[in-house]
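Okay, so here's the structure we're looking at.
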């Protein structure tokens, strides 16, 4: 999916949503040459900002159109920022459960003198070292929001380009919209997403380690007997024997170790080799 940049500059009205769509390229491993491409929405509302995979918006739109809930692909993290306090709530999904993690990230930006044109916008360079990586950002003072993709914020204008110095992660603004009314995903408030279990990042790291040790345990504990009723995993693997169960867990542990390249290196989980 491709977008053309549409830059709108209406007067700021409190009961509006300013939507910014980013083209997000990232390496699943630090050694990967090709990057995975996804589109993410940043919805800036008067009190909160929401950052989420476009797939959520597509599913929500279908649901509102009466076509039912139809989310395709793996559930990705969903972010909500309190624009008054600066606290960011990350909602993540493991098995049948939803977890909420809260922190207050702050990047210490150094605004540089370099400027360039981005479409019809004049943007300015800024740099920061945050959570183990060095970043270069370009922000637009004409877009009066101190927001950006993921947990990045704090510059005197919207972040329109952002990348780390190893080019593992790259965000580029590709479209802007102003919605006449405040938009919030209905699917967020009307189903399981509004019942998360709040845990700390330390607890989350321990949970990931536990999942690594037994990737299918969360499913088994929900009264699923794979020997009598075959278990179908997210990738379509059918598990109906002890051998397949053990084989899948070994494969999953190898996958977890391989694709362990988070944006925040300080939060990287140190998985055992065996």
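Which FRET efficiency value, to the nearest 0.05, do you get for residue 47 and residue 94 by plugging their Cβ-Cβ distance into 1/(1 + (r/R0)^6) with R0 = 35 Å?
Working: r = 29 Å, r/R0 = 0.82.
The calculated FRET efficiency here is 0.75.
Provide the gained length on full extension for the span residue 30 to residue 115, in nm with one decimal, where the gain is 0.36 nm per separating residue minus the Cα-Cα distance. Write down the numbers at each step before the final one.
Details: separation 85, 0.36 × 85 = 30.60 nm, distance 2.95 nm.
In short, 27.6 nm is gained.
Quick one: if you stick a label point 7 Å off each Cα along the C-beta vector at residue 125 and residue 182, how many nm between them?
According to this spin-label approximation, the distance is 4.0 nm.
Which FRET efficiency, nearest 0.05, do residue 199 and residue 241 yield, Cβ-Cβ r, R0 35 Å? Spell out each step's value before the answer.
Values: r = 34 Å, r/R0 = 0.96.
Rounded to the nearest 0.05, the efficiency is 0.55.
Note the full-extension length gain between residue 213 and residue 58 as 0.36 nm times their separation in residues minus their Cα-Cα distance, in nm to one decimal.
On the way: separation 155, 0.36 × 155 = 55.80 nm, distance 3.44 nm.
Working it through step by step, the gained length comes to 52.4 nm.
Based on a Kirkwood Rh over C-alpha pairs, give the Stokes-Einstein translational diffusion coefficient of the stretch 31-155 at 20 °C and viscosity 1.002 mPa s in µm²/s.
128
Every number here is computed from the coordinates shown, using simple stated rules; none is lab data. Just so it is clear, the model here is predicted, and its values are computed rather than measured. Positions of Cβ are backbone-derived with ideal geometry, glycine not excepted, and every protein chain shown enters the neighbour counts.
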